[in-house]
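Since every read-out is calculated from the coordinates, none of them should be taken as a lab result. Keep in mind it's a predicted model, so treat the numbers as computed, not measured. Neighbour counts run over all protein chains shown; Cβ positions are idealised from the backbone, glycine included.
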Amino acid sequence: MVVGHVKYRQKKDSEFTSTHQGKHLYQNPGKKRGGLWWTYLASLIFKAGFDAGFLYLLYYIYDGYDLPRLTKCSQEPCPNTVDCYISRPTEKRIFTLFMVVSSAVCIFMCLCEMTYLIFKKVKKQVKKKVDDNRRMFAMSHEMTRLSAPRSEYRSKSSLRQDPTVSIQNLSNIKAEETVPTKKEES
């Protein structure tokens, strides 16, 4: 279902690109946004529902998940009630329990993924609403500075020096700067 939706979006995007000089309809056709998000969520719900239906049906048929070793049969062609033994009941029980556990894990994972997707979408919507409210507040209220910028307090001629430089190194640097100037004068 999801793969079909992605293929549909890619086809629609390629048709749009060919008729609109290379512009794309979707920024990323495979990204889960909009309709694709809903399709993915619907596929998770369908998958979890299908597995839950299977578990219920199996539970209803066998009155639990335990297979009996012996059943009483009174249907055709038996003339009276007969003992019917199920062949290899332990193997069937183990395989059935494996299927039940794997289906339960699959349902749990689908529910976790649905919860994650829904909370992520809600978080994104709340963040967007908060950002819009802040933007609207800033537009509707005149904002003035509380103090002047720090650059106004600094003198323009002050030079920044490395705070890790020692006084000896500073004097060596100044001496090196003055020596070439003396050679140039002579």
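Worth a mention:
- Ranking of His20, His141 by neighbouring Cβ atoms within 10 Å, starting from the fewest: His141, His20.
- Inter-label distance, Ser87 to Leu55: 3.2 nm, where each label sits 7 Å from its Cα along the C-beta direction.
- If only the Cβ of Lys and Arg carry +1 and only the Cβ of Asp and Glu carry -1, the dipole of the stretch 32-121 around its Cα centre is close to 540 debye.
- In sequence order, the stretch 44-59 has phi-based couplings of 5, 5, 4, 5, 5, x, 5, 5, 5, x, 4, 5, 5, 4, 5, 5 Hz under the Karplus curve 6.51 cos²θ - 1.76 cosθ + 1.60, θ = phi - 60°, and Gly or Pro positions carry x.
- For the stretch 112-117, the Karplus equation 6.51 cos²θ - 1.76 cosθ + 1.60, evaluated at θ = phi - 60°, returns couplings of 4, 5, 4, 4, 4, 4 Hz by residue, with Gly and Pro reported as x.
- What the phi angles of the stretch 62-68 give under the Karplus curve with 6.51, -1.76 and 1.60, with θ = phi - 60°, is a coupling list of 9, 6, x, 9, 9, 8, x Hz, glycine and proline written as x.
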